[in-house]
Amino acid sequence: METITYGKEYDKGFVLDYWTSNPEQCIIKIQGTLKGKTVKLKGLVNINQGGEIHFDDSAKLEDGDSIWCEPDGLVVLRSGATDEQIEPINDMKVQIGVYFDKTFLAHATVEP
């Protein structure tokens, strides 16, 4: 049997998936751990220099769940739900990460 994999392979566990952004528009800093299906996150978000939103929280996740930052903290979006309910921060919806196949992929930013 042949296995065909699309996209990038990630190690299991808590993985920081850094992406470059303009720091004047979007800064996301994240530290965390994943034990079983429970992710613990600590960090900050700053969108369009609107001030830092700090978070320090944990959640039990299922495959396909994602974590978003809203002006008053983090929220879990269950698999299959759309981001229509997510409250933007300075007109930007901010995804912190996604859980799949025993991996939490955290979307942190780095300056160019």
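General observations
- Total residues in the stretch 72-102, condition of a type in the set (A, V, I, L, M, F, W, C) and closer than 19 Å to LYS29 by Cβ: 7
- Subset of the stretch 96-107 that is β-branched (Val, Ile, Thr) and touching a residue at least 40 places away in the same chain (Cβ under 8 Å) - its residue that is surrounded by the fewest Cβ atoms within 10 Å (Cβ to Cβ): THR103
- A count restricted to the stretch 8-28 and to residues that are closer than 18 Å to LYS93 by Cβ and part of a strand (DSSP E or B) stands at 4.
- Here VAL110 fulfils each of the conditions (1) exposed (fewer than 15 other Cβ atoms within 10 Å of the Cβ); (2) among the β-branched types (Val, Ile, Thr); (3) over 21 Å from ASN22 (Cα atoms) apart from (3).
- When restricted to residues that are among the polar types (S, T, N, Q) and not in a strand (DSSP E or B), the stretch 54-63 contains 0.
- Residue within the stretch 32-53 that is assigned to a strand (DSSP E or B), in contact (Cβ under 8 Å) with a residue 24 or more places away in the chain and among the hydroxyl-bearing types (Ser, Thr, Tyr) present: no
- Whenever a residue of the stretch 4-24 is farther than 23 Å from ASN48 by Cβ, its partners that are among the charged types (D, E, K, R) and modelled with pLDDT of 85 or more, lying with C-beta atoms within less than 7 angstrom and at least six residues away or across chains, give the pairs LYS12/LYS102.
- Looking across the stretch 25-54, just one residue is more than 12 Å from the chain's Cα centre (by Cα), closer than 24 Å to LYS12 by Cβ and buried (at least 16 other Cβ atoms within 10 Å of the Cβ), and that is LEU34.
- Of everything listed in (1) without any contact (Cβ under 8 Å) to a residue 40 or more places away in the chain; (2) surrounded by fewer than 18 Cβ atoms within 10 Å (Cβ to Cβ); (3) among the acidic types (Asp, Glu), the single unmet condition for ASP91 is (1).
The values are calculated or read from the model by the stated rules, or taken from the named source; none is laboratory data. Please read these numbers as outputs of a predicted model, since none were measured by experiment. Neighbour counts run over all protein chains shown; Cβ positions are idealised from the backbone, glycine included.
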